[in-house]
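Report on the following structure.
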Amino acid sequence: GVTFLPDGSGVSYETEVSVLCFDNTRTVTSVSDISSICINMEHSYAKDLDFFLECPNGQEMLLADMYSSDLYGFNYIGEPVDNDEGASIPGTGFDYCFSPVGVDGNYYDVSNIQLCDYVDNSGNIEVGVSQIKSGDYLIDGDWNDLIGCPLNGDWIIKVTDNLVEDNGYVFGWEMSFDPSIPRSESTTFTQNIVSESWNTAPITNTGNVTVTPSVAGEENFTYTVVDDFGCSYEYDVSFTV
């Protein structure tokens, strides 16, 4: 989910993913059990931030210590709207992944820093800004810190803002587990519909409906339902008058 990272000093923000697809007794036994952790985000000053992953039993692993490092920490993450402390306008997020392989090396390597031009979401023109590219990076911590973590439960991304000024957004994040780990066959869930509607006038009710077109031709209607997982489904109905 979207998590605002307002300007702070030593303040942490977090967002979680609930994992329920494994046997409840299964734990992380190898660093290869987790294939990757990916975050889509933007921030106007990378050196503000530290990133941690907390597993369901409270064990933590450091993903990135941008605050303590002087290695190319003065960079944009994604395409932020800079100097928007009052308006808090979301920028455009980039995907930043961390994995035991880390094919792109460290996020602060010279090869992963680029100069770019872009028009931000407030219409401002940014020229020659230093930016961390999207990539698959090594972590600053130790993957072994997750050994013993239960696979099922709430996994939490924690972002700590260490300096005043600058803000950003986490738009979403995900984890990928080793596909060879057996999934539980007993996992079930129930979808509950939280909203449903026709999104084409003049239909307003959700039961049996009647439409009275005023002109000949093709009429198109769409019925939309949203479940409690936030997933939206559409069904199109078309007929000719």
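Can you find, within the range 112-143, the residue that is nearest to Gly78 (Cα to Cα) among those that are open to solvent by 20 Å² or more (accessible area, probe 1.4 Å) and among the polar types (S, T, N, Q)?
Ser134
Only residues that are under 30 Å from Asp120 (Cα atoms), of a type in the set (Val, Ile, Thr) and not in a loop (DSSP other than H, G, I, E, B): list them for the range 147-203, please.
Within the range 147-203, Ile156, Ile157, Val159, Thr160, Val170 meet the criteria.
Given (1) in a loop (DSSP other than H, G, I, E, B); (2) in contact with a Leu (Cβ under 8 Å, 6 or more places away or on another chain), where does Ser130 come up short, assuming only one miss?
With (1) in a loop (DSSP other than H, G, I, E, B); (2) in contact with a Leu (Cβ under 8 Å, 6 or more places away or on another chain) applied to Ser130, the lone miss is (1).
Please tell me if Asp136 is under 18 Å from the mean Cα position of the chain (by Cα) and of a type outside the set (Ser, Thr, Tyr).
In short, yes.
Scan the range 224-241 for residues that are of a type in the set (Gly, Ala, Ser) and open to solvent by 80 Å² or more (accessible area, probe 1.4 Å) and report the count.
Summing the residues that are of a type in the set (Gly, Ala, Ser) and open to solvent by 80 Å² or more (accessible area, probe 1.4 Å) in the range 224-241 gives 0.
Scan the range 93-127 residue by residue and report those that are assigned to a loop (DSSP other than H, G, I, E, B), in contact with a Phe, Trp or Tyr (Cβ under 7 Å, 6 or more places away or on another chain) and acidic (Asp, Glu).
Asp104, the sole residue that qualifies.
Pairs please, first residue from the range 3-16 and under 15 Å from Glu42 (Cβ atoms), second anywhere and open to solvent by 60 Å² or more (accessible area, probe 1.4 Å), Cβ atoms under 7 Å, 6+ apart in sequence or on different chains.
If the second residue must be open to solvent by 60 Å² or more (accessible area, probe 1.4 Å), the pairs left are Asp7/Glu85; Asp7/Val164; Asp7/Glu165; Thr15/Gly1.
Quick test for you: out of Gly207, Gly172, pick the one residue that is out of contact with any His (no Cβ under 6 Å at 6 or more places or on another chain), open to solvent by less than 90 Å² (accessible area, probe 1.4 Å) and either hydroxyl-bearing (Ser, Thr, Tyr) or modelled with pLDDT under 80 (or both).
After applying the criteria, what remains is Gly207.
Inside the range 144-161, can you point out the residues that are open to solvent by 30 Å² or more (accessible area, probe 1.4 Å) and closer than 25 Å to Gly93 by Cβ?
If the condition is that a residue be open to solvent by 30 Å² or more (accessible area, probe 1.4 Å) and closer than 25 Å to Gly93 by Cβ, then Asp154, Lys158 are the ones that fit.
Of all residues in the range 212-241, which are in a loop (DSSP other than H, G, I, E, B), at pLDDT 80 or above and on the phi < 0 side of the Ramachandran plot?
Within the range 212-241, Ser214, Val215, Ala216, Asp228, Phe229, Cys231, Val241 meet the criteria.
Quick one: which strands (runs of 3 or more DSSP E) sit completely within the range 10-67 and have at least 1 residues that are surrounded by fewer than 18 Cβ atoms within 10 Å (Cβ to Cβ)?
Result: 11-19, 34-43, 60-65.
The values are calculated or read from the model by the stated rules, or taken from the named source; none is laboratory data. A quick note: this is a predicted structure, and the numbers were derived from the prediction, not measured. Virtual Cβ from ideal backbone geometry, glycine too; neighbours counted across all protein chains shown. The protein model used for the area step is the full one, side chains on, heavy atoms only, and it has no ligands, DNA or RNA in it. Shrake-Rupley method; radii C 1.70, N 1.55, O 1.52, S 1.80 Å.
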